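A short worksheet on the structure shown next.
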Amino acid sequence: MDSLILDSNTWLLVLTGAGVSAESGVPTFRGMSGLWEDQPVEAVASPEGFRKDPALVWRFYSERRKAAAAVHPNPGHEALVAWERHLGDRFLLATQNVDGLHTRAGSQRVVEMHGNLFKTRCSRCERPPFEDATVYPAGVVPECDACGKLLRPHIVWFGEYLDPADIQRIEDFSLRAATSGGRFVFLAAGTSGAVYPAAGIVDQVRKAGGKTWLVNLDPAENSSRFEHRIVGKSGEVLPTLAKLA
Ligand code: BV8
Ligand code: ZN
């Protein structure tokens with residue numbers, strides 16, 4: 001297996017998806033064949049879904065909150081913490097996962113591109129998102145005590161824009177990495193490469209002359225765009241993949 005050298009010359013951008021949390025027992029999206037209660041996830045995880053049936057959407061997220069709170073980070077999460085400690089500010093982790101496991105494992109330089117299950121915000125006013133682990137009982141839709149409108153999960157739904165600050169942080173890091181004179185490396189783990197803009201990061205890295213690695217259990221939709229492809233479980237591959245020099 002090719003080895004990934006992480007030394008004082010390396011700038012490393014990592015992207016994770018649901019596959020990295022799978023070994024903690026969190027079901028993946030396509031693993032659930034993209035269905036929840038035989039509805040396509042996109043129907044529930046969307047502004048239209050929320051408008052149509054906010055109680056159903058809150059049941060979906062409350063159930064995932066409960067499940068995510070009951071699991072623990074796995075060796076794949078822990079390997080990424082070790083890489084961050086070794087590389088410092090030449091490391092950045094962009095995750096599509098909303099389960100909060102990277103932060104619980106000890107990762108600090110994390111961009112939660114699709115939001116976080118344990119944050120809630122108002123669907124209307126400017127009240128900032130707040131920590132909220134509440135598992136709302138079926139049928140309950142919380143309301144904002146500032147404006148009375150419905151509260152919603154602080155999650156980026158399909159068809160919604162990602163937070164521009166998050167995109168900017170990833171782009172700034174990539175630019176610094178590409179112009180550092182060092183070696184710019186991008187590694188994606190546990191993602192099917194189906195959802196944009198996350199699935200397009202590999203193309204930006206290649207354009208910037210970076211090296212690209214994919215660690216995944218099955219071929220991803222964008223597999224062919226990675227130079228190094230390792231098939232396996234992230235919890236088994238990541239802990240031994242990198243040589244910290
Ligand atoms: C946006 C929050 C601008 C919800 C999520 C056509 C072309 C390009 C783009 C589009 C298009 N049509 C529509 C779009 C836009 C759309 C999109 O990309 N759609 C796709 C489906 C085509 N994107 C958006 O809407 C984004 N916004 O583009 O804004 C815009 C605005 C308006 C109109 C148009 C555009 C917003 C995307 C964010 C959506 N929110 N999550 C929630 O979590 O509840 S995405 C959701 O999917 C999750 O975040 C999840 O992480 C993400 C991606 O899935 P993966 O993480 O990759 O998980 P998946 O199950 O798919 O794969 C797991 C992989 O792991 C598998 O490959 C498996 O083999 C592997 N695996 C399993 N076990 C292991 C493993 N690997 C290693 N080890 C293991 N143990
Ligand atoms: Zn409000």
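Do the conditions hold for residue 208, that is, is it more than 15 Å from the chain's Cα centre (by Cα), among the hydrophobic types (A, V, I, L, M, F, W, C) and within 16 Å of ligand 2 (Cβ to nearest atom)?
no
Taking the stated definitions as given, is residue 37 in contact (Cβ under 8 Å) with a residue 40 or more places away in the chain and either in contact with a helix residue (DSSP H, G or I) (Cβ under 8 Å, 6 or more places away or on another chain) or surrounded by fewer than 21 Cβ atoms within 10 Å (Cβ to Cβ) (or both)?
Spelling it out, it is not the case that residue 37 is in contact (Cβ under 8 Å) with a residue 40 or more places away in the chain and either in contact with a helix residue (DSSP H, G or I) (Cβ under 8 Å, 6 or more places away or on another chain) or surrounded by fewer than 21 Cβ atoms within 10 Å (Cβ to Cβ) (or both).
For every residue, the table says whether it meets (1) among the small types (Gly, Ala, Ser); (2) under 21 Å from residue 198 (Cβ atoms); (3) touching a residue at least 24 places away in the same chain (Cβ under 8 Å).
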{"site": "5", "(1), (2), (3)": "no, no, yes"}
{"site": "12", "(1), (2), (3)": "no, yes, yes"}
{"site": "18", "(1), (2), (3)": "yes, yes, yes"}
{"site": "29", "(1), (2), (3)": "no, yes, yes"}
{"site": "42", "(1), (2), (3)": "no, yes, yes"}
{"site": "48", "(1), (2), (3)": "no, no, yes"}
{"site": "52", "(1), (2), (3)": "no, no, no"}
{"site": "77", "(1), (2), (3)": "no, yes, yes"}
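Assess whether residue 239 counts as being touching a Gly at 6+ places or on another chain (Cβ under 8 Å), at pLDDT 95 or above and surrounded by fewer than 16 Cβ atoms within 10 Å (Cβ to Cβ).
Yes: the conditions hold for residue 239.
In region 44-98, how many are open to solvent by 40 Å² or more (accessible area, probe 1.4 Å) and of a type in the set (A, V, I, L, M)?
4
Sort out for me the strands (runs of 3 or more DSSP E) sitting completely within region 162-245 that have 2 or more residues that are touching a residue at least 60 places away in the same chain (Cβ under 8 Å) and touching a helix residue (DSSP H, G or I) at 6+ places or on another chain (Cβ under 7 Å). Give the derivation first.
On the way: elements: 183-189, 211-216, 228-231, 242-244.
Strands (runs of 3 or more DSSP E) meeting the threshold: 183-189, 242-244.
Quick one: count up the residues across region 5-46 that are more than 10 Å from ligand 1 (Cβ to nearest atom) and modelled with pLDDT of 95 or more.
Residues that pass the stated criteria total 10.
Could you check region 112-126 and list, in sequence order, the residues that are within 11 Å of ligand 2 (Cβ to nearest atom) and either open to solvent by 20 Å² or more (accessible area, probe 1.4 Å) or within 20 Å of residue 169 (Cβ to Cβ) (or both)?
If the condition is that a residue be within 11 Å of ligand 2 (Cβ to nearest atom) and either open to solvent by 20 Å² or more (accessible area, probe 1.4 Å) or within 20 Å of residue 169 (Cβ to Cβ) (or both), then 121, 123, 124, 125, 126 are the ones that fit.
If we scan region 137-152, do we find a residue that is in a helix (DSSP H, G or I), among the aliphatic types (A, V, I, L, M) and crowded, with 22+ Cβ neighbours inside 10 Å?
Checked against the condition, which is being in a helix (DSSP H, G or I), among the aliphatic types (A, V, I, L, M) and crowded, with 22+ Cβ neighbours inside 10 Å, region 137-152 yields no hits at all.
Mind listing whichever residues of region 146-169 are within 16 Å of ligand 2 (Cβ to nearest atom) and under 24 Å from residue 64 (Cβ atoms)?
Within region 146-169, 149, 150, 151, 152, 153, 154 meet the criteria.
Only residues that are surrounded by fewer than 16 Cβ atoms within 10 Å (Cβ to Cβ) and more than 16 Å from ligand 1 (Cβ to nearest atom): list them for region 199-228, please.
Selection gives 206, 207, 208, 209, 227.
The values are calculated or read from the model by the stated rules, or taken from the named source; none is laboratory data. The structure presented is a predicted model; accordingly, all values stated were derived computationally and were not measured. As a convention, Cβ positions derive from the backbone with ideal geometry for all residues, glycine included, and neighbour counts pool all protein chains shown. Quick note on the areas: whole protein, heavy atoms, side chains included, nothing else; ligands and nucleic acids left out. Shrake-Rupley method; radii C 1.70, N 1.55, O 1.52, S 1.80 Å.
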